[in-house]
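No value in this document is a laboratory result; all are computed from the given coordinates. Since the model is a prediction, treat every value here as computed from it, not as a measurement. Note: ideal-geometry Cβ built from the backbone for every residue, glycine included; neighbour counts use all protein chains shown.
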Amino acid sequence: MCYFVPMRTKRTIKRAASGAGLWLLAATLIFCWSTRALAAGIQGDLDFTLKNLDSKEVQLSSYLGKPIILVFWATFCPTCKEEIPYLVEFYKENKKSDLVFLSLAMDKKAPEKIKEFTERNGIHYPVLTADSKTARKWGVRAIPAAFMIDRRGEITHRLSGLNMTVDMKRYLDEIMAK
């Protein structure tokens, strides 16, 4: 939002600055509320079973009691590709904690092709193969999308788009503590 500020007096500038500050504060509060509101409306199936890239079954409910981050993505998604280096870094920073980090590849490709992609891109976090049915259950309409789940199994935040990892870092302490 842009404001035109006539340069007449210092008082006019101070008023404009305080108005811009209020708008920024309001936008921040709305954003924080909206990630929680979006998360509250999700009916994610916490008991799904998917296969990893080695065809072994992974059941999400077996991780309940631990903080969980689920990331929906695809190899054909340009925004997902841009986010991968940041997700790899985030995973490295947190892999020694009890945080469970699972990525769900929404590709129709064979697991071998997805595995080649992960190796080429330095992805060492767990990758599961998912389909549009799983995404719909989680309310995913666009990728990349991520869900942060606390130790009680409650979805606390829904994140999407580029720079999700910035928000993951911001909310990580919250899901680790509960």
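Quick rundown of the values:
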| item | result |
| --- | --- |
| Within region 76-135, chymotrypsin sites (Phe, Trp or Tyr not before Pro) in DSSP loop having at most 11 other beta-carbon neighbours inside 10 Å | none |
| Restricting region 77-139 to trypsin sites (Lys or Arg not before Pro) in coil, as DSSP defines it, with at most 16 other Cβ within 10 Å | Lys95, Lys96, Lys108, Lys109 |
| More than 16 angstrom apart: percent of Cα pairs within region 99-178 | 58 percent |
| Theoretical FRET efficiency, 1/(1+(r/R0)^6), r = Cβ-Cβ of Asp173 and Lys109, R0 30 Å, to 0.05 | 0.25 |
